[in-house]
1. Give me Rg/Rg_expected for segment 3-280, where Rg uses Cα atoms only and Rg_expected = 2.2 N^0.38 Å with N residues.
2. Nearest 20 debye, what's the magnitude of the dipole of the chain about its Cα centre given +1 on Lys and Arg Cβ and -1 on Asp and Glu Cβ?
3. Quick one: compute the contact order of the chain, relative version, from alpha carbon pairs under 8 angstrom and 6+ residues apart, as a percent.
4. Report ³J(HN,Hα) in whole Hz for each residue of segment 21-34, in order, from the Karplus equation J = 6.51 cos²θ - 1.76 cosθ + 1.60 where θ = phi - 60°; Gly and Pro get x.
5. What residues have an amide H closer than 5 Å to that of Ser486, excluding those fewer than 5 places away on the same chain, when H is modeled at 1.01 Å from N in the peptide plane?
6. Under 8 Å for C-alpha pairs, at least 6 residues apart: give me the relative contact order for segment 3-280, rounded to a whole percent.
7. In straight Cα distance, which lysines are under 23 Å from Lys232, not counting same-chain residues fewer than 8 positions off?
8. Taking only DSSP H segments of four or more residues, each worth -39500 (n - 2.57), what value at 222 nm results for the chain once the sum is divided by all its residues, to the nearest 500 deg cm²/dmol?
Amino acid sequence: MRKYVFVVGGVMSGVGKGVASSSIARILKDGGYRVTAVKIDPYVNVDAGTMNPTEHGEVFVLDDGTECDQDMGNYERFLHTNLSGYNYMTTGSVYLSVIQKERNLEYHGKCVEVVPHVPLAVLDTINGALKHTKSEIVVVEIGGTIGEYQNLIFLEAVRMLKQKHPDDVALVLVSYLPLLNKDNELKTKPTQYAVRTLNSAGLQPDIILARSAQSIDDKRKEKIAFNCNIPKHSVVAAPDVKNIYEIPVNLRKGKIDMLLLKKLGLRKRENASAQWRKFALSLDGVQKTVRIGIVGKYFSSGSFVLADSYRSVIEALRHAAHQEKIKLELDWIDSEQVQKKPSLIGQYDGILVPGGFGARGIEGKIKAIEYARTHKIPYFGLCYGMQLAVVEFTRNVVGLKKAHTTEADPKTPYPVIAVLPEQKEYLALKKYGATMRLGGYPAVLQKNTIAREAYGKPNIRERHRHRYEVNPDYLKVLADAGLVISGISPSQELAEIIELPRTVHPFFVGTQFHPELTSRPLEPHPLFCAFMKAAKRESL
């Protein structure tokens with residue numbers, strides 16, 4: 001059995017297709033089906049690794065090393081599973097596969113055309129995800145907005161599949177209903193235009209998710225149903241919520257599960273939604289407030305703050321805060337402001353420095369780390385945040401004042417963070433895409449450390465995305481000065497986790513990997529939980 005649910009967006013970008021797709025997948029899984037999810041990114045980039053995080057949002061990394069869109073993180077969190085490169089495609093990757101196939105004479109001398117060969121390649125990828133995950137249903141999110149030239153080949157793939165297998169395909173349109181002011185009504189005309197545009201691609205939605213600031217009323221449902229040629233009960237309310245984990249609960253109220261199952265000729269096998277509902281509705285209980293400051297540089301776009309650059313970090317903090325019964329208060333701290341006034345850090349119960357690249361804002365991050373270390377504020381560094389913690393420690397504790405990462409200062413006399421030999425080869429050849437240390441790698445944890453206590457086991461596997469490492473030549477110098485290498489690669493060469501003993505600092509931990517990528521709502525990451533516990537203790 002192969003069933004397909006396609007999710008497209010209307011009116012504007014950022015309408016919530018990703019969390020809608022994740023929620024639909026979760027609902028179908030709770031209904032007793034084996035479900036997987038696929039994201040289609042309409043960019044010519046072969047993967048998300050070369051995309052600007054300020055423009056595109058976080059680059060999410062899968063265990064197999066695939067660099068992909070942040071929506072893949074939502075799929076993994078909602079489905080509580082690990083996905084692979086089979087579950088992600090871009091315009092670039094699809095065209096690349098077609099061109100490689102043509103070069104290998106796999107089309108047997110045919111003239112290769114955009115239609116039908118590119119849409120067929122799209123369907124091959126989707127079916128590959130179904131086969132690889134042994135799933136019965138796949139939820140496919142098509143990026144972009146209806147009417148954009150970029151996603152036409154993907155809509156054509158849906159049309160071709162729906163024409164051949166009409167009873168196996170459901171099409172969901174997530175469309176925004178604007179509210180001009182509180183005394184006005186939700187406007188349905190943009191959604192009507194979106195459906196007309198979808199019709200021009202040969203497609204008719206089976207369900208419309210009415211995204212809006214407040215829940216849509218019956219009058220607006222009737223208007224959409226009449227003008228868009230669907231039954232009234234197929235217009236499902238999708239109002240704003242306090243947290244994204246409430247969305248599956250809300251969509252069930254609109255009976256989206258029954259609508260989809262009926263369209264696909266299926267019946268509900270079980271109802272396993274109680275655990276998710278309990279989790280989602282308990283997120284906003286009365287709890288102790290803990291303030292966490294995130295020091296980064298991918299926040300601003302003009303006058304706006306773009307939290308999506310660190311979406312997985314935010315969600316991992318929320319997962320841990322819920323488990324530790326903490327009301328989380330997050331602040332975005334511009335590292336360049338900290339460089340001018342490090343004492344800004346003093347108002348927080350915990351400081352987190354996430355991953356990043358480049359030299360801009362680096363000294364501000366180092367100042368923030370120094371302040372957190374010397375004032376015993378719980379500190380958690382992720383990837384670049386760990387590397388800069390090592391730089392700060394080397395400068396101010398070891399005493400090598402000009403120590404640096406060669407990423408920011410290639411001529412530093414003390415390259416405590418440096419590029420690995422194989423990475424030097426890639427850089428020399430100007431091979432940047434998909435050439436970093438990517439995906440899941442094992443590590444061994446030392447006894448009697450914060451890391452070992454948090455994980456509760458000696459061996460772990462975590463996901464990486466970086467080109468620079470703690471220079472192995474400095475490991476002994478750092479250890480002799482009091483820095484604990486609590487997690488190391490099986491070869492004993494690469495530092496995976498660094499920390500200070502609890503006798504020196506309540507919580508000072510850095511990871512070369514990205515623990516946020518494997519945190520799940522119902523299973524928070526142990527290091528994030530340990531960080532939140534420490535911040536909670538310090539706030540007492």
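Read the figures in this text as sums done on the coordinates, not as results from a lab. None of the values given here were measured: they were computed from a predicted structure. Please note: Cβ atoms are built from the backbone with ideal geometry, for glycine as well, and neighbour counts cover all protein chains shown.
1. Cα Rg divided by the expected 2.2 N^0.38 Å: 0.98.
2. 1220 debye
3. 15 percent
4. 4, 4, 5, 4, 4, 5, 4, 5, 5, 5, x, x, 10, 7
5. Ile497, Ile498, Glu499
6. Relative contact order of segment 3-280: 26 percent.
7. Excluding near neighbours in sequence, the set is Lys17, Lys162, Lys187, Lys189, Lys219, Lys221, Lys223, Lys253, Lys255, Lys262, Lys263, Lys268.
8. -10500 deg cm²/dmol, from helical runs alone.
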